[in-house]
Amino acid sequence: MAYKTPSDSHDRIITTTCSYDCGGRCLLKVHVSDNTIQRISTENRQGLDIKACPRGLAQKAVVEDPHRLMQPMKRTGPRGSGEFVKISWDEALEKVSTELQRVKERYGSESVYYLGGSGSLSTLHSTPNLTKRFFHLFGRCTTKWGGASFEAALQSSLATFGTVFTGNTRENLLSSKLIILWGWNPVVSRFGPDTKPYLSQAKEAGIKIIGVDPRYSRSSKNLCNEWIPIKPATDAAMLIAMAYTMIDEDLYDKDFIAKYTVGFEKFAEYVIGQEDGIPKTPGWAQEITSVPAETITRLAREYATAKPAALITGWAPGRTAFGEQFHRAASTLSTMTGNIGIEGGNAGGGVGFVDLGLIEETVPVPQTPHLEVHNTELYDAILRGKAGGYPSDCKLLYIVGNNPLNQYLNLNKGIQAFQIPECIVVHELFLTPTARFADIVLPAAHFFEREDIGQPAIGGPYNIYMNKILHSPSGPKSDLAIFTELAARLGIEQYNNKSEAEWLETILGAKPGLANLKDEQVYRIELDRPWVAFREQIEHPGDSSFPTPSGKIEIFSQMFAEKKHPLIPAVPTYIPPWEGPQDELSIEYPIQLISPHSPARVNSSFDNIPQLKKLADDTLWLNSEDARKRGIQNGDQVLVFNVRGCLYATATVTDRIMSGVASLDQGMWYAPDNEGVDHGGCVNVLTADEMSPAGAFASNSCLVQIEKVS
Ligand SMILES: Nc1nc2c(c(=O)[nH]1)N[C@H]1C(S)=C(S)[C@@H](COP(=O)(O)OP(=O)(O)OC[C@H]3O[C@@H](n4cnc5c(=O)[nH]c(N)nc54)[C@H](O)[C@@H]3O)O[C@H]1N2
Ligand SMILES: Nc1nc2c(c(=O)[nH]1)N[C@H]1C(S)=C(S)[C@@H](COP(=O)(O)OP(=O)(O)OC[C@H]3O[C@@H](n4cnc5c(=O)[nH]c(N)nc54)[C@H](O)[C@@H]3O)O[C@H]1N2
Ligand SMILES: [Mo]
């Protein structure tokens, strides 16, 4: 590959960090000599646990992959065929700008749909921000609302606490007396590189850790004293039954409730059954969740009496039908136990971000009002447009750092939708399943090929400077460079008026200043004491209120009440989920399929990198009882199907997953045969594109049948 490193031949170690959406920002030491990367290593710095994972350490294989897109391409065969010819940058940019202008003039700018996915989340070269900035300046376009990751937690956080900053820094874990990992698997999904190290220390210190998960996950295996298997999408029922026990046995913190919250009475009425005549007892929840009533009662007692205790939720249980109720119920329990605002506690169901003020600002996005469709409705909106009640007809689809035709729900509908637009443009590093459907593909730079600042998504107390490691003069361009050139062709002057360094100075601000950060590479903010969300509000209630309408923690949410939607109740409520264990559809499709995040990928990124693919467990986990009923043995080929699609997989028969549930890691690349059956293992050929009422992306509400392939 025709790379030139900044310094020519002498050996150097250049530091950086990944910009992927994995929630971790770790130190990569890239060893370079003779213009080539020799290897990548990692280490801890500044007393921070920032050692890189196998994905970070494999970035030499990513940036040098022989299938990297190096030149713009124009489609020659039918959409999806993968037939393209290489064209020059000049021709490509001319074509893209002409198409943008043509569609805007002919149909209005709202016929341009754009998707800025989370491919890159560094501070300057952020695919969502740069894309938004461009299209907000271009005109009033259409985009998606609703994140695939944590929309349920987001809506719950805003409704309950009025903010996304509901997390605590990880050293708090060492002050806990009990830690509950509820649908959370940080050994794989990380949530910051220091999470696993702190949880391991907590375990060594004898702090009890309990996992609630349909699978005996790596976190349950490595960290937990106890694993409580639960049916997916039913968690709110178990949490509400725990509240029942706390109320029934008078185990909740009445002072805390009186001082800091509103609406507890209304919730208690629902819990004891005053409203609907159904007391939400542990016995009631056992029927729904398959968790024995005595386990629910015991966990309620333990959590209520082990203060400080940290109930920490992952985002997967919220990625279900009515997932927002799960997060609301978890935060209500952490409120009832008085575990908010104290060291060693946790706000339970919140998004879990911490607010350390690591940067001063982001790349600004002008607020042109634009039109939105929910991400689960994207394909339907493209297919049916205004006639189907959506705000606009999609004529041009523009995709940056996103692989929707793999990662969004009901992929087969997506395949149809991708025939509709007159033009599809994709910025990518690889010919992903989505890029195969593009008319023009623009090759994007890897983070080794640009300068930036990395900060952890979940908010560890540090920044890492991202050096430019490689120069690729005629090959790929950064998204910023691509949009800058398009803006010039379209006469959008204000898009980019700064150099990379000027942007970085503005973004970072005075502390520590760009020169210092460059010098130190890793800048740690010293905290006087562990950062805890809502510490101020709890310690000084007279001076500080919660940013909610009432100024208190809203167990009864005004924000939800104002929606006046019967399925967005104002107090946390268990609503039986579609495609859950009690749905009628389960007679025909009796297995609940969940799709966790893989240790070998970041979403669909790296599925194409052989060095990482070797580390993946891309088999379908099936409980031995369910396997026996179907004559399936370990290692058998199986067909997984429902009304929306089917895929082939290899079965792992294991009691690490509860009966009635199967699991297949998300992110494998869609690879259909002529009949449209997927051989790649892309779970989204099976998922339903139904929006949860408050916006959750319900990928874990998915019923299937499984058969042995004879
Ligand atoms: N290695 C790696 N790390 C990643 C990512 C990646 O792709 N790879 N992706 C990043 C991104 S974008 C995100 S949003 C986060 C995702 O973070 P999460 O959403 O928390 O991660 P998941 O792996 O989907 O699920 C976590 C655990 O929840 C369990 N689970 C699934 N459904 C349910 C349920 O209904 N109830 C309960 N109790 N448990 C359930 C799963 O079995 C799994 O063990 O991870 C980030 N980190
Ligand atoms: N069934 C199921 N589906 C899911 C999930 C699930 O748990 N189950 N999880 C959901 C979640 S949490 C998420 S966040 C989404 C993620 O879905 P996406 O946002 O689509 O994320 P990726 O699959 O990683 O695709 C990102 C793409 O960006 C490219 N890329 C990387 N860096 C850059 C860059 O700098 N510029 C450009 N232009 N491109 C770049 C990568 O090559 C990659 O193809 O998937 C969701 N889909
Ligand atoms: Mo995500």
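Listing for the model above:
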read-out: Given (1) farther than 22 Å from Thr432 by Cα; (2) buried (at least 21 other Cβ atoms within 10 Å of the Cβ); (3) within 16 Å of ligand 1 (Cβ to nearest atom), number of the condition Cys53 does not satisfy; value: (2)
read-out: Meets criteria (in contact with a Lys or Arg (Cβ under 6 Å, 6 or more places away or on another chain) and within 16 Å of ligand 2 (Cβ to nearest atom)) for Val262; value: no
read-out: Qualifying residue in region 619-632 (condition: within 16 Å of ligand 1 (Cβ to nearest atom) and assigned to a loop (DSSP other than H, G, I, E, B)); value: yes
read-out: Qualifying position, being within 22 Å of the chain's Cα centre (by Cα), assigned to a helix (DSSP H, G or I), outside the structural domain of Asp665 (by the TED database) and closer than 30 Å to Ser550 by Cβ, among Leu130, Leu199, Leu158; value: Leu158
read-out: Scan of region 430-442 for residues that are surrounded by fewer than 24 Cβ atoms within 10 Å (Cβ to Cβ), within 14 Å of ligand 2 (Cβ to nearest atom) and outside any helix (DSSP H, G or I), ordered by number; value: Phe430, Leu431, Ile440
read-out: Matching option when the condition is more than 16 Å from ligand 3 (Cβ to nearest atom) and modelled with pLDDT of 95 or more, among Trp182, Trp145; value: Trp182
read-out: Members of region 208-224 found to be in a loop (DSSP other than H, G, I, E, B) and either surrounded by 22 or more Cβ atoms within 10 Å (Cβ to Cβ) or touching a Gly at 6+ places or on another chain (Cβ under 9 Å) (or both), listed by number; value: Asp213, Pro214, Ser217, Cys224
read-out: Residue satisfying condition, being over 27 Å from Phe483 (Cβ atoms) and small (Gly, Ala, Ser), within set Ser109, Ser97, Ser81; value: Ser81
read-out: Test: residue in region 273-290 that is assigned to a loop (DSSP other than H, G, I, E, B), closer than 28 Å to Gly162 by Cβ and of a type in the set (Lys, Arg); value: yes
read-out: Residue list for region 465-483, restricted to those being more than 14 Å from ligand 2 (Cβ to nearest atom) and hydroxyl-bearing (Ser, Thr, Tyr); value: Tyr465, Ser474
read-out: Close pairs from region 457-480: first in a helix (DSSP H, G or I), partner of a type in the set (D, E, K, R), Cβ under 9 Å, at least 6 apart; value: Leu480/Arg450; Leu480/Glu500
read-out: Qualifying residue in region 604-611 (condition: within 10 Å of ligand 1 (Cβ to nearest atom), of a type in the set (Phe, Trp, Tyr), at pLDDT 95 or above and more than 21 Å from Leu405 (Cβ to Cβ)); value: no
read-out: Residue among Pro577, Pro572 that is over 27 Å from Glu675 (Cα atoms), crowded, with 22+ Cβ neighbours inside 10 Å, away from ligand 1 (no atom under 14 Å from the Cβ) and not assigned by the TED database to the domain that holds Lys231; value: Pro572
read-out: Residue that is nearest to Val373 (Cα to Cα) [pool: residues in region 653-689 that are of a type in the set (Ser, Thr, Tyr) and touching a Pro at 6+ places or on another chain (Cβ under 8 Å)]; value: Tyr670
read-out: Residue in region 390-407 that is away from ligand 2 (no atom under 14 Å from the Cβ) and either modelled with pLDDT under 95 or surrounded by fewer than 19 Cβ atoms within 10 Å (Cβ to Cβ) (or both) present; value: yes
read-out: Residue pairs meeting the criteria (Cβ under 7 Å; at least 6 apart or on separate chains; first assigned by the TED database to the domain that holds Leu622 and modelled with pLDDT under 95, in region 216-244; second assigned to a helix (DSSP H, G or I) and buried (at least 23 other Cβ atoms within 10 Å of the Cβ)); value: none
read-out: Failed condition for Ala501, given (1) under 30 Å from Ser33 (Cα atoms); (2) assigned to a loop (DSSP other than H, G, I, E, B); value: (2)
read-out: Trp578 being assigned to a loop (DSSP other than H, G, I, E, B) and either in contact with a strand residue (DSSP E or B) (Cβ under 8 Å, 6 or more places away or on another chain) or within 16 Å of ligand 2 (Cβ to nearest atom) (or both); value: yes
read-out: Number of the exception - Ile179 against (1) under 26 Å from Gly341 (Cβ atoms); (2) within 22 Å of the chain's Cα centre (by Cα); value: (2)
read-out: Of residues in region 652-671 being touching a residue at least 40 places away in the same chain (Cβ under 8 Å) and outside any loop (DSSP other than H, G, I, E, B), the one nearest to the chain's Cα centre (by Cα); value: Ser663
read-out: Number of positions in region 134-154 that are surrounded by fewer than 19 Cβ atoms within 10 Å (Cβ to Cβ), in a strand (DSSP E or B) and touching a Phe, Trp or Tyr at 6+ places or on another chain (Cβ under 8 Å); value: 0
read-out: Of all residues in region 225-241 being more than 16 Å from ligand 2 (Cβ to nearest atom) and outside any helix (DSSP H, G or I), the one that is nearest to Leu333 (Cα to Cα); value: Thr234
read-out: Selection count where residues are part of a loop (DSSP other than H, G, I, E, B), farther than 29 Å from His125 by Cα and not polar (S, T, N, Q), scope region 385-413; value: 4
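Residue-by-condition table, conditions (1) farther than 19 Å from Pro232 by Cα; (2) among the hydrophobic types (A, V, I, L, M, F, W, C); (3) surrounded by fewer than 24 Cβ atoms within 10 Å (Cβ to Cβ); (4) in contact with a His (Cβ under 7 Å, 6 or more places away or on another chain):
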{"residue": "Gly631", "(1), (2), (3), (4)": "yes, no, yes, no"}
{"residue": "Gly635", "(1), (2), (3), (4)": "yes, no, yes, no"}
{"residue": "Asn642", "(1), (2), (3), (4)": "no, no, yes, no"}
{"residue": "Leu647", "(1), (2), (3), (4)": "yes, yes, no, no"}
{"residue": "Asp655", "(1), (2), (3), (4)": "no, no, yes, no"}
{"residue": "Gly660", "(1), (2), (3), (4)": "no, no, yes, no"}
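The values are calculated or read from the model by the stated rules, or taken from the named source; none is laboratory data. As the structure is a prediction and not an experimental result, all values here were calculated from the model. Methodologically, a virtual Cβ is constructed for each residue, glycine included, from the backbone with ideal geometry; neighbour enumeration extends over all protein chains shown.
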